[in-house]
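The values are calculated or read from the model by the stated rules, or taken from the named source; none is laboratory data. Note that the coordinates shown come from a computational prediction; the quantities given were computed from them, not determined experimentally. So basically every Cβ, Gly included, is an ideal-geometry build from the backbone, and we count neighbours across all protein chains shown.
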Amino acid sequence: MKYKLIFLSIIVYLSGTIQSSAQISPKDSLLVKSFYQGANAGNCASISVIKLAIAKYGADHVLKSIQYLPTGYSVQLQNDVVIMLSKMEEGTISHLDKFQLGTSCDILQKAKFMYAIMAKNKMLIDKLSVKTF
């Protein structure tokens with residue numbers, strides 16, 4: 001419950017409105033309940049980031065653009081970085097994310113895709129930060 005209130009406080013902050021935690025909108029309540037972390041998943045921060053992004057941009061506008069390719073996707077992030085994600089990578093990550101369905105299958109599927117993009121972006125960042133001597 002403590003983390004739920006922290007998350008809702010962040011949503012309120014991002015929306016630029018001042019509300020008490022007792023005045024949670026139905027939209028925010030649906031988002032919080034739409035999907036959640038499975039047992040021993042260790043991805044609570046990722047779930048929080050995805051839910052915050054959905055709260056700020058809307059489920060269909062978190063990613064700036066998605067181009068469907070025969071082998072996967074070309075995704076442009078809000079900061080204009082482009083991530084290439086193969087269908088195989090998406091499938092592998094989808095099995096590893098351990099997201100659980102709450103009240104919205106649609107938001108869960110979008111969140112799983114966002115998680116795959118986050119994982120691929122992290123992999124690319126780590127690859128770029130490796131130094132060879």
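Points to keep in mind about this one:
- Every residue from segment 102-122 that is hydrophobic (A, V, I, L, M, F, W, C) and modelled with pLDDT under 90: Cys105
- Qualifying residue in segment 62-77 (condition: within 22 Å of Gln100 (Cα to Cα), modelled with pLDDT of 90 or more and out of contact with any strand residue (DSSP E or B) (no Cβ under 7 Å at 6 or more places or on another chain)): yes
- Subset of segment 42-60 (residues that are in contact (Cβ under 8 Å) with a residue 60 or more places away in the chain and assigned to a loop (DSSP other than H, G, I, E, B)): Asn43
- Residues of segment 61-83 that are closer than 12 Å to Ile117 by Cα, of a type in the set (Ser, Thr, Tyr) and in contact (Cβ under 8 Å) with a residue 12 or more places away in the chain: Tyr73 alone.
- Residue check, Ile117 of a type in the set (Val, Ile, Thr), under 29 Å from Ala39 (Cα atoms) and out of contact with any strand residue (DSSP E or B) (no Cβ under 7 Å at 6 or more places or on another chain): no
- Residue that is farthest from Lys64 (Cα to Cα), among those in segment 82-91 that are of a type outside the set (Lys, Arg) and touching a strand residue (DSSP E or B) at 6+ places or on another chain (Cβ under 9 Å): Met88
- Considering the conditions (1) at pLDDT below 90; (2) touching a helix residue (DSSP H, G or I) at 6+ places or on another chain (Cβ under 9 Å); (3) part of a loop (DSSP other than H, G, I, E, B), Ala39 is excluded by exactly one of them, (2).
- Any strands (runs of 3 or more DSSP E) falling wholly within segment 61-133 and containing at least 2 residues that are under 17 Å from the mean Cα position of the chain (by Cα) and crowded, with 16+ Cβ neighbours inside 10 Å: 72-76, 82-86
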